[in-house]
Amino acid sequence: MIESGTGLTDPPSGLVERVLERTIFASRWLLAPFYLGMVAALALLLFEFFRRIVHLALDLQHLVHDDIVIGVLELIDLSLMSNLVLMVMFAGYENFVSRLDIGERGERLDWMGSIGFGDLKLKLMTSIVAISAIRLLEGFMDVEHMTDHELAWTVGIHVTFVFTGLLLALMERLMHK
């Protein structure tokens, strides 16, 4: 007797359904090249970080305090952007493709495997607000070279990000109740 569920006794519609479902589930691997692209983006950010730090170091004797602070803020901005890419890459891969098998447990980051989609959205929004705040601070440090129009747009965009982050956090909190 042939066991049920092996596919040998299932009607053709059941077989088609199983093949369709397995194909749809396997399609998650189409996301893998996106995550590899994020590795390339991370490498580009690293290159830009070193380009800017070398530029800052070489021009140090000609820079005033505010220029140095703006240069350091740009480096922090690149660091935050890199953290954002890494977070999306790890959490997205683990949530939508496959669990990362990295060997030793000690190497695994504490948050890996525990960030759900809602948590990821909140962390992304928090990073975006932080990046926006740094851009806003850069603008205020260089306010004499900005028009009122540019400054208003910078503040407006930052306030929009903050408001959006607060609404997103509120929605997540309401969903968990």
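Report the residue count in the range 135-177 for those that are assigned to a loop (DSSP other than H, G, I, E, B) and surrounded by 11 or more Cβ atoms within 10 Å (Cβ to Cβ).
Initially, the range 135-177 is screened for residues assigned to a loop (DSSP other than H, G, I, E, B), giving 142, 146-147, 177.
Still in the list and also surrounded by 11 or more Cβ atoms within 10 Å (Cβ to Cβ): 142, 146.
Total satisfying the criteria: 2.
So which residues in the range 35-87 are in a helix (DSSP H, G or I), more than 13 Å from residue 134 (Cβ to Cβ) and of a type outside the set (A, V, I, L, M, F, W, C)? Steps first, please.
Step one: of the range 35-87, the residues in a helix (DSSP H, G or I) are 35-58, 60-62, 65-87.
Imposing the further condition that a residue be more than 13 Å from residue 134 (Cβ to Cβ) reduces the set to 35-58, 60-62, 65-68, 82, 85-87.
35, 37, 48, 51, 52, 55, 61, 62, 65, 66, 67, 82 - these are the residues of the range 35-87 that are in a helix (DSSP H, G or I), more than 13 Å from residue 134 (Cβ to Cβ) and of a type outside the set (A, V, I, L, M, F, W, C).
Could you tell me whether any residue of the range 115-133 is touching a His at 6+ places or on another chain (Cβ under 9 Å), within 25 Å of residue 168 (Cβ to Cβ), in contact (Cβ under 8 Å) with a residue 40 or more places away in the chain and surrounded by 11 or more Cβ atoms within 10 Å (Cβ to Cβ)? Let's see the steps before the verdict.
Applying the first criterion (touching a His at 6+ places or on another chain (Cβ under 9 Å)) to the range 115-133 yields 118, 129, 132-133.
Of the ones still in play, those that are also within 25 Å of residue 168 (Cβ to Cβ) are 118, 129, 132-133.
Now narrow it down to the ones that are in contact (Cβ under 8 Å) with a residue 40 or more places away in the chain: 118.
Keeping just the survivors that are surrounded by 11 or more Cβ atoms within 10 Å (Cβ to Cβ) gives 118.
Yes, because at least one residue in the range 115-133 is touching a His at 6+ places or on another chain (Cβ under 9 Å), within 25 Å of residue 168 (Cβ to Cβ), in contact (Cβ under 8 Å) with a residue 40 or more places away in the chain and surrounded by 11 or more Cβ atoms within 10 Å (Cβ to Cβ).
Can you tell me which of 26, 91, 32 is surrounded by 12 or more Cβ atoms within 10 Å (Cβ to Cβ), assigned to a helix (DSSP H, G or I), modelled with pLDDT of 90 or more and small (Gly, Ala, Ser)? Let's see the steps before the verdict.
Values: 26 fails: surrounded by 12 or more Cβ atoms within 10 Å (Cβ to Cβ); 91 fails: modelled with pLDDT of 90 or more.
Result of the check over 26, 91, 32: 32.
Give just the number: which of (1) within 24 Å of residue 46 (Cα to Cα); (2) at pLDDT 80 or above does residue 109 not satisfy?
(2)
The values are calculated or read from the model by the stated rules, or taken from the named source; none is laboratory data. Everything numeric here is computed off the predicted structure, so don't read it as measured data. Note: ideal-geometry Cβ built from the backbone for every residue, glycine included; neighbour counts use all protein chains shown.
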